[in-house]
Every structure is written in structure tokens, then in C-alpha cells.
Amino acid sequence: MGTTIKLCECGCGNPAPIAKKTYTARGWKKGEPLRFIQGHNGKLRKSGVIKYEIDPVTGCWNWTRSVQSNSYGHLTVNNTQILAHRFVYEKFKGKIPDGLELDHLCRNTKCVNPDHLEAVTHAENCRRGKKTTVLRSTKAVRIREIFESEKPTISSLARQFGVSRQTVRSIIKGENNGD
């Protein structure tokens with residue numbers, strides 16, 4: 001039985017070494033390839049590697065690396081923490097104009113798709129956020145109907161209606177009527 005060969009995740013193209021022992025805290029399992037050649041994880045941080053999965057329904061590029069408690073993706077570039085959506089936007093669309101911030105048009109804070117991001121003023125970003133926080137009554141009723149008849153997961157309902165899981169929970173509990 002052969003050992004699986006896996007390439008170093010820094011992008012150097014070299015085969016990653018095999019773990020000689022299991023070290024759970026680091027995610028090592030004896031006999032399986034490590035993620036990096038020793039010292040190469042720093043190369044990944046310096047390069048600002050973009051990792052996401054595309055949601056075929058929404059077109060969102062959902063960040064798959066580190067995520068903050070507020071659900072915004074982040075990464076380290078040249079030893080500096082950067083919000084992932086800002087990094088990707090600047091990589092694909094250029095510098096964010098002074099005095100503006102990025103608005104997630106899809107309302108998905110994990111999304112780094114530059115086509116789902118728009119540079120707007122802080123006031124406009126807040127206005128848009130408040131506008132989408134409260135659902136129209138028909139959506140809230142439909143969420144309750146689907147939940148009661150089909151018993152889907154909270155996450156799937158949130159994705160389907162483009163709202164947060166907390167919003168779906170509050171609708172199901174009757175705390176939010178979409179008014």
C-alpha cells in the first residue's frame with residue numbers, strides 16, 4: 001500500500017513531507033502528508049493566497065480560510081491582517097477609493113466575489129444594511145411555511161432567501177414577521 005503524495009500548499013510545487021508521528025494540535029496524522037514543507041507556511045502568508053468555494057446558486061465565492069467571529073474572512077499578507085473581501089477586491093478591481101468602504105451586494109460577509117462588492121460611503125453601506133435586515137412579510141411567511149412542511153436546515157433556508165441564519169431563527173420563533 002503506497003503513501004499518498006501531496007504537494008506543499010504554499011504553491012512551490014514540491015511534495016509535502018510525510019508526518020512521522022500524530023500531532024493532533026497541528027493536524028498531523030502519522031503516515032499522511034503534511035500541509036507544508038517546514039517553513040513554507042510563511043510563504044503562503046506573504047503571498048496572500050485566495051481560497052474560496054463557489055456557490056452555484058448564488059455565485060458567491062465563499063472564503064474557506066480563516067474567518068473572524070463576525071463572519072468576515074481574513075488573511076495575513078506580509079505579516080499584516082487584512083479582510084479577505086478587501087484583499088480580493090483590490091487584487092481584481094484596484095484600490096478602494098479613499099473615503100469609501102465595500103458593501104456586500106449579496107449580503108454574505110464570507111463572499112469575496114469582486115462582482116458582489118461595491119465601493120460606497122459608510123452612510124450608504126449602513127442604509128443598505130438596515131434595508132435588508134427586515135424582510136418583507138411575504139418572505140417571512142414563506143420561510144415559516146417551508147420550515148414547517150419540509151423541515152430544511154436553518155442554513156439552507158438562509159442561503160435560499162439570502163438572509164442570515166439568525167434572521168431565519170427569529171422568523172421561525174415568531175420574533176420577526178418581516179414588517
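Where a number appears in this text, it was derived from the coordinates with a stated rule and is not lab data. From a predicted model like this one, the values you see are computed outputs, not experimental measurements.
Assuming 0.36 nm per residue, please report the length gained on full extension of the stretch residue 146 to residue 51 beyond their Cα-Cα distance.
Gain on extension, residue 146 to residue 51, equals 30.9 nm.
Which pairs, out of 95/139; 139/173; 21/110, put more than 25 Å between their alpha-carbon atoms?
With Cα atoms farther than 25 Å apart: 95/139; 21/110.
Could you pull out every one of the aspartates and glutamates with an alpha carbon less than 12 Å from that of residue 6, ignoring same-chain neighbours closer than 8 positions?
32
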